[in-house]
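Report on the structure given below.
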Amino acid sequence: GIEFLVRVSYVEIYREEIKDLLSTKTATNTKSKENIYIRENELGEIVVVGVVEKVVSSYDEMMRYLDLGNIGRTTASTNMNNTSSRSHAIFTIFLEQRKETQKSDNTGSNSEYITAKFHLVDLAGSERNKRTGNEGLRFKESININYGLLALGNVISCLGDETKRKYITHVPYRDSKLTRLLQDSLGGNSKTLVIACASPADANLEETLNSLKYANRARNIKNTPVVN
């Protein structure tokens, strides 16, 4: 008597523009601009309008869409990484558990359901130009990558610092597309897990230390999720 519906979407934020990685326009490199907007629905949840959502019925089918989207992700070579991510990417899984119940007057059925949304986020690493050697377009990409990470860090600081929470009434979610899309995950009805990439190389000590500090601040955010 219970049915499940699972959908997936996959987007990247490249130079502060949202790109749909499952769209046929992306797959065929069509130049026409897609109309993708971030909206807040009547329940206060963040939704992305104009993004393709694919219904899946198995793990293999879900992974196929993940692989398909990865083909369209923006990557490039830098002095630190031959296949460096030039964007932040979010693979989202929507899950609905629906139970049909008969109405007491036998005029039909009530459709009761609970829902969950999983954001799997791949953040591009922060970049120092003296190490990456970026120029031209690569340098502009670095600026946008760092801008998104800075905005995310500012939101995390507002939410994760116990002393700041008492005095701050405004959380700057709208400072970037990344923080706007992750508003539910950071300060909403969610549980959030952060995995930090740490390098054993001495040359990467500063980046590793900064990543651990970043993750530690995020760990201090206190959310209380309830059933949707």
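Quick notes on this structure:
- Sorted on the mean count of surrounding Cβ atoms within 10 Å across their residues, most packed first, peptides 9-20, 214-225, 191-202 read 9-20, 214-225, 191-202.
- Once both labels are positioned 7 Å from their Cα atoms along Cα-to-Cβ, the gap between Asp67 and Arg39 label points is 3.5 nm.
- Vicinal HN-Hα couplings computed from phi for region 37-50 (Karplus, 6.51 cos²θ - 1.76 cosθ + 1.60; Hz; Gly/Pro x): 10, 9, 10, 10, 7, 5, 8, x, 8, 7, 10, 10, 8, x
- The HN-Hα couplings worked out from phi for region 205-219 by the Karplus form 6.51 cos²θ - 1.76 cosθ + 1.60 (θ = phi - 60°) are 4, 5, 5, 5, 4, 5, 5, 5, 5, 4, 5, 5, 5, 5, 5 Hz, whole numbers, x standing for Gly and Pro.
- Only protein heavy atoms count here; under a 1.4 Å probe, Ile93 has an accessible surface of about 30 Å².
- Residue-level accessible surface for Thr101, protein heavy atoms, 1.4 Å, Å²: 40 Å²
- A DSSP coil position with no more than 14 other Cβ atoms inside 10 Å describes none of the GluC sites (Glu not before Pro) in region 144-215.
- Ranked order, His88, His119 - accessible area, probe 1.4 Å, largest first: His119, His88
- Of Lys25/Lys54; Lys19/Lys177; Lys19/Lys54; Lys19/Lys191; Lys25/Lys140; Lys99/Lys222, those spanning more than 20 Å from alpha-carbon to alpha-carbon: Lys19/Lys191; Lys25/Lys140; Lys99/Lys222
The values are calculated or read from the model by the stated rules, or taken from the named source; none is laboratory data. What you see is a predicted model, and the numbers here were worked out from it, not measured in a lab. Glycine gets a Cβ as well: all are built from the backbone with ideal geometry, and neighbour counts include every protein chain shown. Heavy atoms of the whole protein, side chains included, go into the accessibility calculation; ligands, DNA and RNA do not. Shrake-Rupley method; radii C 1.70, N 1.55, O 1.52, S 1.80 Å.
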